[in-house]
Amino acid sequence: MVAAALLAATTLIGACSSGADGVPEGETHEYTIPDGTGERIDDGEDVDIVPSRILLHVGDRFVVHNEDDREHVVGPYVIGAGESLEQQYTTPGLLRGLCTVHQSRELEIIVLGPEETAPEDES
């Protein structure tokens, strides 16, 4: 089921190598899940390694390094122990999913078009 969600999310947003197909180069949003994060969660600690909402633009890259000894779910992505994820977004869209490294346990990734501005925060 996780693999199906990952495939659907990748199909919805689309991935490409840096600068392919005229996609503008954007910013890199990089996060690291440190070693011991799983143990901290097991001990009942709330962790907030990524925000619950990430605003990106077409061309931006989302990078997560998992230095922990177990896999973690970050939105639609499953990142194995010792692995990294690098995703560049080529079209606007919305991704939602479980997040094991945020206390809310949810992650929303909003990919805006190159000229779009971030929506006002409703909180």
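Each reported figure results from applying straightforward, stated rules to the coordinates on display, with no laboratory input. Computed from a predicted model, the values in this text were never measured in an experiment. Positions of Cβ are backbone-derived with ideal geometry, glycine not excepted, and every protein chain shown enters the neighbour counts.
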(message) Cβ neighbours within 10 Å, averaged per peptide: list 53-65, 35-47 in order, most packed at the top.
(response) 53-65, 35-47
(request) For GLU67 paired with ASP35, estimate the spin-label separation in nm (one decimal), with each label point 7 Å from Cα along the Cα-to-Cβ line. (result) 0.8 nm
(request) Have a look at the range 25-78 and give its Rg and Dmax from the Cα atoms, expressed in angstrom. (result) 12.6, 41
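Which FRET efficiency value, to the nearest 0.05, do you get for GLU27 and GLU108 by plugging their Cβ-Cβ distance into 1/(1 + (r/R0)^6) with R0 = 22 Å? Provide the component values of the computation, followed by the final result.
On the way: r = 18 Å, r/R0 = 0.82.
My answer for the efficiency is 0.75.
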(message) Testing the spin-label approximation: label points 7 Å from Cα along Cα→Cβ at ASP42 and LEU98. State their distance in nm.
(response) 1.8 nm
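Report, in debye and to the nearest 20, how large the dipole of the range 22-123 comes out about its Cα centre when Lys and Arg carry +1 and Asp and Glu carry -1 on their Cβ. Spell out each step's value before the answer.
Details: 6 positive and 24 negative charges, 73 e Å.
Value, rounded to 20: 360 debye.
Would the range 45-123 count as rounded, prolate or oblate if I go by the C-alpha gyration tensor, calling it rounded below 1.5 in a/c and otherwise prolate when a/b exceeds b/c, oblate otherwise? Don't skip to the end; give the middle numbers.
Working: a/c = 2.67, a/b = 1.46, b/c = 1.83.
The shape class here is oblate.
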(request) State, to one decimal in nm, how far the label point of GLU115 lies from the label point of SER84, with both points 7 Å from Cα in the Cβ direction. (result) 3.5 nm
